[in-house]
1. Please determine whether any residue of the stretch A:705-714 is touching a Ser or Thr at 6+ places or on another chain (Cβ under 9 Å), modelled with pLDDT under 85, in a loop (DSSP other than H, G, I, E, B) and closer than 14 Å to A:LYS519 by Cα.
2. Which of the residues that make up the stretch A:135-171 are among the charged types (D, E, K, R), touching an Asp or Glu at 6+ places or on another chain (Cβ under 7 Å) and within 13 Å of another protein chain (Cβ to nearest Cβ)?
3. Yes or no: A:VAL192 assigned to a loop (DSSP other than H, G, I, E, B), of a type in the set (Val, Ile, Thr) and within 11 Å of chain B (Cβ to nearest Cβ)?
4. Suppose the filter is within 12 Å of chain B (Cβ to nearest Cβ) and of a type outside the set (A, V, I, L, M, F, W, C); does A:LYS122 pass it?
5. Of all residues in the stretch A:494-551 being over 30 Å from A:GLY711 (Cβ atoms) and aliphatic (A, V, I, L, M), which is farthest from the chain's Cα centre (by Cα)?
6. Could you tell me how many of the residues in the stretch B:1-34 are at the interface with another protein chain (Cβ under 7 Å from one of its Cβ atoms) and β-branched (Val, Ile, Thr)?
7. Does the stretch A:741-752 contain at least one residue that is without any contact (Cβ under 8 Å) to a residue 40 or more places away in the chain and not assigned by TED's automatic domain parsing to the domain that holds A:ALA468?
Amino acid sequence: MTAEGLTAAPSVARAATPAALCAHCGQIVLSVEPGAPQQFCCSGCASVFEILRAGGLQDFYRHRADAGESGTVANISRGSYDEFDAPEFAALYCKALPGGLLGTELFLENVHCAACVWLVEKVVTALPGISEARLDLSRSTLAVAWDPTQVRAARVAEWLDSVGYPCHPLHGLDRDAVRRREDRALLMRLGVAGAAAGNAMLLAIATYCGAFSGIEPSYLSFFRMGSALVALPSVLWSAQVFYRGAIAAIRTRTPHMDLPISIGIVVGTVSGLVNAFGSSGEVFFDTITMLVFLLLVGRWLQLRTQRRADSAADHLRALAPATARLVEDGATREVPVEAVPKGATVEIRAGEHVPVDGTVLLGTSTIDASLLTGESLPETVRVSDNVHAGTVNLSARLLVRAEKTGQETRLARIVASVAEASERRAPMVILANRLSAYFVAIILVIAAVTVIATWHLGPSLAIERAVALLVVTCPCALGLATPLAVTAALGRAAERGLMVKGGQFLEALAKPGLIVFDKTGTLTEGHLSVVEFEGDPSVRPFVRAAEASSAHPIARALCADLTKEPSLAVESMHETLGGGIEAVVGGKRLVIGSPRFVEAHAETVPAWVTERVLAFGERALSPVLVAVDGDVRAVFGIGDPVRAEASECLAALRAMGHRVAVLSGDQPAVVNAVVKRIGVPFEIVVGGASPEAKLAFIETNVARGPVYMVGDGVNDAAALSRATVGIAVHGGAEASLAAADVFATASGLRPIVELCEGARRTLRVIRGNLARSLVYNLTVGVLAATGHVGPLLAAVLMPVSSIAVVTSSFRARTFEKKR
Amino acid sequence: MTVLYVLVPLALILAASAVAAFLWATKTGQLDDLETPAMRMLHDDDAVTAPKDGKTRVRK
């Protein structure tokens with residue numbers, strides 16, 4: 001919308017018209033329409049207001065005020081949603097519902113409050129043909145069902161867009177459905193375990209009271225059988241989660257916390273059933289059910305925080321455009337990228353992503369391939385040159401014949417190698433699980449020793465003590481130590497813009513290792529800009545004027561640097577692709593471009609200019625010469641600038657004991673220049689690496705120790721998924737988001753440092769939790785072996801140890817609080 | 001105190017029906033989103049029909 005441009009000068013507007021505020025967005029109105037009932041800052045706001053009024057939806061403004069939401073500019077993209085009507089769209093993103101309806105889920109931008117819920121649902125259901133619209137505020141998704149005979153899908157999307165919620169189809173609905181089923185299954189187990197725990201405790205309290213004040217044996221055995229009955233659903237159904245983990249642990253011979261947990265539950269249940277129906281000995285059903293419940297709560301909390309990172313990644317991917325413009329019989333139509341047939345002609349406008357691998361049929365432009373190859377300088381393409389999916393067309397419209405589409409493109413092949421690479425990755429064993437192997441061994445040995453040592457007191461007493469030992473040492477606090485610490489840390493990290501897809505990655509990151517950086521977009525800004533300027537500053541306004549209308553990336557970089565210069569009128573301008581610009585500005589003849597191009601047009605090239613050009617070459621900057629009336633007067637050095645915080649952040653990482661390396665697809669000369677510029681010693685510097693070479697590099701280094709890969713491009717994706725922990729940085733390609741274990745929504749290198757520090761603090765919390773619970777287990781283990789722990793003491797001690805773990809997890813300062 | 005033989009099973013049956021209700025609610029997706037319905041219930045407005053030909057009707 002155009003409002004952004006107008007809001008740039010609010011102070012000017014305030015002076016002119018003090019009271020007029022836009023009726024929709026609340027911004028100051030620049031051109032007040034006299035006599036109109038409402039004032040609008042722009043036509044966008046006026047049209048939104050009109051849509052709402054026509055739909056009888058003026059209450060939006062009341063709801064917005066109720067929600068304490070100050071008016072903000074509605075962000076209308078006015079994008080085309082034609083691809084929603086392509087038959088392929090229905091096949092890819094929609095599912096058929098009963099009654100001939102179609103249903104899909106859309107990700108909406110800008111959804112944040114109660115007014116949004118109201119507006120989105122009312123506006124959408126106001127369209128005839130829409131049968132249902134349900135917004136999920138926490139996920140920003142809208143589930144919508146419509147009758148395709150009455151309304152087009154694109155109409156729904158346009159309608160949403162027109163009220164300020166640009167929408168995107170969501171990939172992977174099947175996977176979403178699977179996740180949702182898993183979430184529900186765990187929640188159901190949790191509910192049953194909670195009910196069982198509460199009721200078992202209630203029945204147990206009767207027997208505890210009876211133990212003090214006397215109880216008739218018939219009632220005692222009634223209560224014991226009752227608690228056995230109540231505990232059964234929890235033990236037989238809810239606790240299956242742990243049995244499955246334990247069986248898998250035995251089968252794969254990897255230690256897992258589920259094994260000692262399962263031993264405790266099974267032993268306690270079997271002996272409890274025998275004792276409850278045999279009417280002698282102790283029963284521990286209240287402790288066992290409480291244990292199952294608390295452990296499931298821990299698992300469920302952890303799952304929820306991980307889902308948050310997953311859906312954040314999905315949403316970022318949904319924002320990436322996934323449409324292609326097909327040219328058929330002279331007309332164009334938009335279709336989903338997946339639906340472009342081979343041999344079709346595709347139109348790619350300036351600024352759009354290339355959807356297919358193909359050959360240029362018409363047009364000349366520059367292509368930014370940095371996400372695909374890591375190369376920072378754009379390349380020029382002409383008719384019959386090849387272009388690849390995943391690159392960005394920077395300057396002019398191209399017509400491309402699709403030669404490889406969908407799964408055959410280079411991009412798709414790289415993405416496919418991601419899945420393969422992640423399968424080869426060794427599963428991570430977290431600290432708690434490693435400890436559990438020793439734990440099981442020690443507890444079983446102590447139980448055996450207890451039986452042997454107390455056998456002379458009578459076999460039933462000996463077995464009784466061993467059972468008590470196994471039940472009370474069942475590692476509730478140990479099982480909760482990691483999930484709770486991780487849940488708290490992941491929640492805080494998400495507030496700081498760091499999305500971590502699993503707690504094990506935080507644990508891994510705490511260890512010093514080799515941090516491998518991709519160069520473009522991580523160590524550097526990832527886009528061209530003016531790094532150096534030398535010569536006569538008076539030429540700068542002329543350069544700005546001459547370059548203003550060019551779409552070439554170098555011209556854009558120049559203009560971005562020269563915005564403060566006064567603007568001059570251009571009399572004539574001619575652009576030579578791959579060379580430069582000749583222009584007449586203010587009566588002066590300018591030649592701006594590459595040294596070869598300018599030297600061919602200039603009469604004299606001073607020695608200092610040649611010297612600068614050489615110096616720039618060493619620093620991997622592209623020199624741009626400016627000649628005025630035949631004299632070379634100034635030189636610009638253009639390149640991808642190193643991030644300001646790079647040296648500081650890398651030094652901080654090195655201070656933590658990490659080693660650092662650069663692994664880039666860009667020219668070795670450029671990579672070396674960047675490394676030199678940062679000034680921090682790197683262990684390894686590799687340039688010109690293909691995606692395959694990157695993967696191989698990570699593979700050889702992973703064998704030697706932990707490797708953390710930081711990248712943003714498609715070319716990094718496979719390497720990211722093979723590294724011990726893959727970290728994608730802000731603004732990267734969607735493939736790298738899918739492959740990474742951690743991604744930062746804030747740009748720059750600071751999040752990486754924060755992540756490593758937070759990971760360290762989280763591991764410290766986990767270690768503290770584990771130590772506390774081991775001390776607890778040791779103490780009660782000894783008490784149980786010597787016959788001092790009955791069901792009542794067990795029922796009191798177990799929650800106490802768990803509460804200690806809960807408090808330490810949620811009080812710990814793992815990641816800084818949101819400022 | 002023989003009434004316990006009636007009351008305890010009764011209490012357990014009540015608890016079981018609560019669990020059954022919870023399972024049903026979870027299975028039908030009522031607990032998938034805990035945030036939005038809380039806001040939706042405040043919007044007890046009249047249903048709105050589409051602005052066909054610029055005319056709007058409000059169903060009471």
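The values are calculated or read from the model by the stated rules, or taken from the named source; none is laboratory data. Since this is a predicted model, take the numbers as computed values, not measurements. All Cβ positions, glycine included, derive from the backbone under ideal geometry; neighbour counts span all protein chains shown.
1. Yes; the residues of the stretch A:705-714 include at least one that is touching a Ser or Thr at 6+ places or on another chain (Cβ under 9 Å), modelled with pLDDT under 85, in a loop (DSSP other than H, G, I, E, B) and closer than 14 Å to A:LYS519 by Cα.
2. A:ASP136
3. no
4. yes
5. The selected residue is A:VAL539.
6. Matching residues across the stretch B:1-34 total 3.
7. Yes: the stretch A:741-752 contains one or more residues that are without any contact (Cβ under 8 Å) to a residue 40 or more places away in the chain and not assigned by TED's automatic domain parsing to the domain that holds A:ALA468.
Per-residue answers, yes or no, for (1) modelled with pLDDT of 85 or more; (2) in contact with a Leu (Cβ under 8 Å, 6 or more places away or on another chain); (3) among the acidic types (Asp, Glu):
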residue	(1), (2), (3)
A:LEU377	no, yes, no
A:LEU398	yes, yes, no
A:ALA402	yes, no, no
A:GLN407	no, no, no
A:ALA416	no, no, no
A:ILE430	no, no, no
A:ALA441	yes, no, no
